[in-house]
Amino acid sequence: MRARYGVPLSLTAVGAAGIAYAAGIEARSFRLRRVTIPVLPRGMRPLRVLQVSDIHMVSGQNKKRRWLQSLAGLRPDFVVNTGDNLSDTEGVPEVLDALGPLMEFPGTYVFGSNDYYGPKLRNPARYLLEKVQGRHGLNGNAPAVGVVHNPWEELRDAFDAAGWVGLSNSRGRLKLDGFEIALTGLDDPHIKRDRYAEVAGGPEDDADLSLAVVHAPYLRSLDAFTADGYPLILAGHTHGGQLCIPFYGALVTNCDLDTGRVKGLSTHTAGDHTSYLHVSAGCGANRYTPVRFACPPEATLLTLTERA
């Protein structure tokens with residue numbers, strides 16, 4: 001009897017320990033990553049940009065809320081929020097409380113699918129199946145039905161009132177100590193809300209720097225931004241793979257981006273142009289899969305420096 005059941009019981013114990021670590025420890029081990037990107041014109045001082053993404057706030061996540069508040073101590077030049085702030089229809093007040101100190105700084109934002117719609121319980125193995133079949137989000141899948149609608153308008157109104165620039169299929173600008181940053185953004189490609197034709201045309205010549213922002217780094221969006229000549233694209237959505245294999249990395253990206261660029265700084269080439277791409281692994285997770293493994297939650301302080 002011992003020989004027959006010893007191995008399965010051992011595997012069960014290891015699996016339970018892994019889940020306990022992924023949910024109870026790593027998912028709450030928030031950290032700041034620092035990246036330097038040489039994209040500024042010569043003679044321009046370095047800019048410190050704080051990127052926050054995929055907060056997926058659920059009521060009662062006090063440690064996450066306090067950690068986000070503490071990021072204001074970094075004193076960034078401006079903040080970029082790349083979406084998916086919510087994972088709870090009641091989470092708007094806590095998101096605004098968490099981001100309140102950061103909203104004292106100039107900022108910009110795009111929304112992700114979880115800002116618009118509440119999450120649904122689904123088998124995590126479906127992400128692997130969809131990767132094999134080339135289906136992601138509404139891109140190849142049937143339209144979502146019976147979804148919960150989040151009060152995203154409350155988030156939008158609060159961000160706008162704080163002076164943050166909304167970039168859902170639109171352009172905007174930030175003025176910083178005599179510099180002007182031109183911003184171009186898309187609504188979430190994961191649910192086919194992106195309309196690149198409405199913002200096409202590339203960087204603005206009279207700005208000191210032009211940036212592109214999108215929630216989900218689908219290749220069609222990256223290709224369009226890069227071909228138009230944007231030097232830097234900021235995105236989120238992937239959670240860095242969320243459940244990764246140590247010394248190997250991510251298995252999925254939940255979009256058509258390759259796993260080698262699931263998080264951090266890389267490049268993207270389209271036509272005759274190459275852009276820097278930074279994908280944030282985010283600091284949260286869907287409320288139905290509140291786990292992370294070999295992929296701790298994060299925000300990123302991007303230091304933009306002169307081009308070589």
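Any read-out appearing in this document is the output of simple, stated calculations on the displayed coordinates, not a laboratory observation. Computed from a predicted model, the values in this text were never measured in an experiment. Glycine also receives a Cβ, built like all others from the backbone with ideal geometry; neighbour counts cover every protein chain displayed.
Checking every one of the trypsin sites (Lys or Arg not before Pro) in region 107-212 against DSSP loop status and a limit of 14 other Cβ atoms within 10 Å picks out Lys120, Arg122, Lys192, Arg195.
Structure remark: mean-square fluctuation, Gaussian network model of the chain, C-alpha springs under 10 Å; the largest value among Pro203, Pro246, Pro231 belongs to Pro246.
Matching the structure-derived Cα extents along the principal axes in Å against the labelled list (i) 77, 41, 41; (ii) 61, 43, 37; (iii) 51, 48, 45 gives the label (i). Summing charges over neighbours of Leu129, with a neighbour being any other residue whose Cβ is under 14 Å away from its Cβ, gives +3 when K and R count +1 and D and E count -1. Once you've got the Cα coordinates, tell me which of Lys175/Lys263; Lys120/Lys175; Lys63/Lys131; Lys120/Lys263 are over 30 Å apart. Over 30 Å Cα-Cα: Lys120/Lys175; Lys63/Lys131. A Förster distance of 22 Å, applied to the separation of the beta-carbon atoms of Glu204 and Leu138, puts the FRET efficiency at 0.10. If the segment from Arg195 to Glu153 were pulled out straight at 0.36 nm per residue, it would be longer than the present Cα-Cα gap by 13.1 nm. The gain in end-to-end length when the Ala227 to Thr36 segment is fully stretched comes to 66.5 nm, 0.36 nm per residue minus the alpha carbon separation. Between Leu301 and Leu251, the simple label model (points 7 Å from Cα in the Cβ direction) yields a spacing of 3.5 nm.
Distances between placed amide hydrogens fall under 5 Å for His136 paired with Asn141, all partners being 5 or more residues away or on another chain.
Among 34-47, 285-298, sorting by the average number of other beta carbon atoms lying within 10 angstrom of each residue, highest first, gives 285-298, 34-47. Note: region 234-293, Cα convex hull, 85 Å³ per residue.
Computing FRET efficiency as 1/(1 + (r/R0)^6) for Arg48 and Asp97, where r is the C-beta to C-beta distance and R0 is 25 Å, gives about 0.60. Reported to the nearest whole Å, the Cα centre-to-centre distance from region 21-79 to region 206-265 is 17. The packing ranking of peptides 270-280, 181-191, highest mean first, is 181-191, 270-280, where packing means the average number of other beta carbon atoms within 10 angstrom of each residue. Close amide-amide hydrogen proximity is noted between Glu180 and Asp208, Leu209, each under 5 Å apart and 5 or more residues distant or on a separate chain (H modeled in the peptide plane; Pro and chain starts excluded).
What shape does region 181-308 have by the C-alpha gyration tensor, where a ≥ b ≥ c are the square roots of the eigenvalues, rounded means a/c under 1.5, and otherwise prolate means a/b greater than b/c and oblate the rest? Judged from the Cα gyration tensor, region 181-308 comes out prolate (a/c at least 1.5, a/b above b/c).
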